[in-house]
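Inspection log for the structure reproduced underneath, given as structure tokens.
The values are calculated or read from the model by the stated rules, or taken from the named source; none is laboratory data. The shown structure was predicted, so the numbers you read here are calculated from the model rather than taken from an experiment. Cβ coordinates were reconstructed from backbone atoms using ideal geometry, including for glycine residues, and neighbour counts include every protein chain displayed.
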């Protein structure tokens, strides 16, 4: 099982979360590129019956850690379980969802096994990574680590000996290492103003948290076969849980919405959000917004779409007064059908829209809402 792609599969109340299936789907792609297998790690109490669904979605093996202490998430016992799996099976890559649980668990695991962690990724791919070394000490360290990890590396040695004006010979080190089949992890940086691609060359496993909604789950195939491995665990907890209070929040997760009507700065004011809500209600959808709308306080943070918000893939995405800057587009360009409403005909949003409407969003939205209501009423009357 060594050198495989592991996915920590988050469950809540015994139900595997959507992000777990998304990551298993992406892990399938990565593992195929590496010639390895996908191994899902599933922890909980009475959870083994859910393992088959992970195999149906692309996992080759499922490590099941079943223990009463794992019924509710807590950092220490879950860290114990994932660390045990890593130390037992030595995976090449470990992926976590960038959920509240994943963002707590992944740093704890990475610190315990002494490896790097790239957080909040929006892209993962297998490819080559180059590294140049210009001094002998660094060269020795790099080559020792390559040998230790058994990495596939091409070395281009351009080192040479030079003679100084006073006749002394000096060695000039110039070596380029091309690491093959490395995990290239992409994430926004500096407030989403740039996209950084990061590689972990010196440590294993390569570890990342990935935003929910960014990757696509594979369609379930119940004919797929795989292996379920029961891992005996004895987790410990340094905390005493006095009470567990379930969240009573009823607002929808926008990553689950099939229809989203999204507001941008172009709507003009917080009062105009109600028009966006009216259209969403008429369509049977939900609302979201750009970073500008959230920063202005017109909408809650958990409804933000984009690099510094959430990534969504609804069947219909209606962009209202959104310019379509790359930071926003990165969070919604995977939508099945995009309708853009903007008064600026050169707005970048039209480059990715399936249907563009040029005009004043505040004049168009009420008319569009009324037209949809009339159409639905007519259909209901047939």
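Of the residues making up region 106-116, just one is under 20 Å from residue 232 (Cα atoms) and in contact with a strand residue (DSSP E or B) (Cβ under 8 Å, 6 or more places away or on another chain), namely 109. Among the conditions (1) surrounded by fewer than 17 Cβ atoms within 10 Å (Cβ to Cβ); (2) free of Cβ contacts under 8 Å to residues at least 12 places away in the same chain, the only one that residue 29 does not satisfy is (1).
Among all residues of region 212-222, there is none that is outside any loop (DSSP other than H, G, I, E, B) and either over 26 Å from the mean Cα position of the chain (by Cα) or modelled with pLDDT under 85 (or both). With respect to (1) touching a helix residue (DSSP H, G or I) at 6+ places or on another chain (Cβ under 7 Å); (2) touching a residue at least 24 places away in the same chain (Cβ under 8 Å); (3) surrounded by 22 or more Cβ atoms within 10 Å (Cβ to Cβ), the lone exception for residue 340 is condition (2).
In summary, strands (runs of 3 or more DSSP E) completely within region 130-194 and bearing 3 or more residues that are under 31 Å from the mean Cα position of the chain (by Cα) occur at 175-189. When region 1-20 is filtered for residues that are surrounded by fewer than 24 Cβ atoms within 10 Å (Cβ to Cβ) and in a helix (DSSP H, G or I), only 18 remains. Can you confirm whether region 319-336 contains a residue that is part of a strand (DSSP E or B), surrounded by 14 or more Cβ atoms within 10 Å (Cβ to Cβ) and without any contact (Cβ under 8 Å) to a residue 24 or more places away in the chain? Scanning region 319-336 turns up no residue that is part of a strand (DSSP E or B), surrounded by 14 or more Cβ atoms within 10 Å (Cβ to Cβ) and without any contact (Cβ under 8 Å) to a residue 24 or more places away in the chain.
Go through region 127-145 and give me each residue that's crowded, with 18+ Cβ neighbours inside 10 Å and under 24 Å from residue 29 (Cα atoms). Correct list: 129 only.
All conditions in (1) buried (at least 22 other Cβ atoms within 10 Å of the Cβ); (2) closer than 20 Å to residue 232 by Cβ; (3) out of contact with any strand residue (DSSP E or B) (no Cβ under 7 Å at 6 or more places or on another chain) hold for residue 57, with the sole exception of (2). Given the condition touching a residue at least 12 places away in the same chain (Cβ under 8 Å) and assigned to a strand (DSSP E or B), answer yes or no: does some residue in region 72-91 qualify? Checking region 72-91: not a single residue is touching a residue at least 12 places away in the same chain (Cβ under 8 Å) and assigned to a strand (DSSP E or B).
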